[in-house]
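Colleague: The following block contains the structure, expressed as structure tokens.
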Amino acid sequence: MSLAATIENRSTKARPLAEFVPFSPPLIGEAEVKEVVDTLTSGWLTTGPKTERFENAIKTYCGAEHAVAVNS
């Protein structure tokens, strides 16, 4: 079948998936809750010691010389 025929015959309707992949519920335990509360009460939301720790962990993991965390 030529490319033109393939394009002409393509379906524009959504097709149901053979299997649905369900979303997984979040796994949030006491340790995660404690870290969030600690961050919110520390006064450091986008910079500070936790961000520095995260940047260092990422640069080590990636084998990079530098890493910078950003937010939007």
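Residue by residue, here is whether (1) modelled with pLDDT under 90; (2) aliphatic (A, V, I, L, M); (3) surrounded by 10 or more Cβ atoms within 10 Å (Cβ to Cβ); (4) in a helix (DSSP H, G or I) holds:
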{"position": "ALA5", "(1), (2), (3), (4)": "yes, yes, no, yes"}
{"position": "THR12", "(1), (2), (3), (4)": "yes, no, no, no"}
{"position": "ALA18", "(1), (2), (3), (4)": "yes, yes, no, no"}
{"position": "SER24", "(1), (2), (3), (4)": "yes, no, no, no"}
{"position": "ASP38", "(1), (2), (3), (4)": "no, no, yes, yes"}
{"position": "LEU45", "(1), (2), (3), (4)": "yes, yes, yes, no"}
{"position": "ILE58", "(1), (2), (3), (4)": "no, yes, yes, yes"}
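Colleague: Out of (1) assigned to a loop (DSSP other than H, G, I, E, B); (2) basic (Lys, Arg); (3) modelled with pLDDT of 90 or more, what's the single condition that is false for ARG53?
Modeller: (1)
Colleague: Taking the conditions exactly as written (part of a helix (DSSP H, G or I) and either modelled with pLDDT under 90 or out of contact with any Cys (no Cβ under 6 Å at 6 or more places or on another chain) (or both)), does VAL70 satisfy them or not?
Modeller: No, not satisfied.
The values are calculated or read from the model by the stated rules, or taken from the named source; none is laboratory data. Predicted model only: the values in this text are computed from it and were never measured. Reconstructed Cβ throughout: ideal geometry from the backbone, glycine too, with neighbour counts over all protein chains shown.
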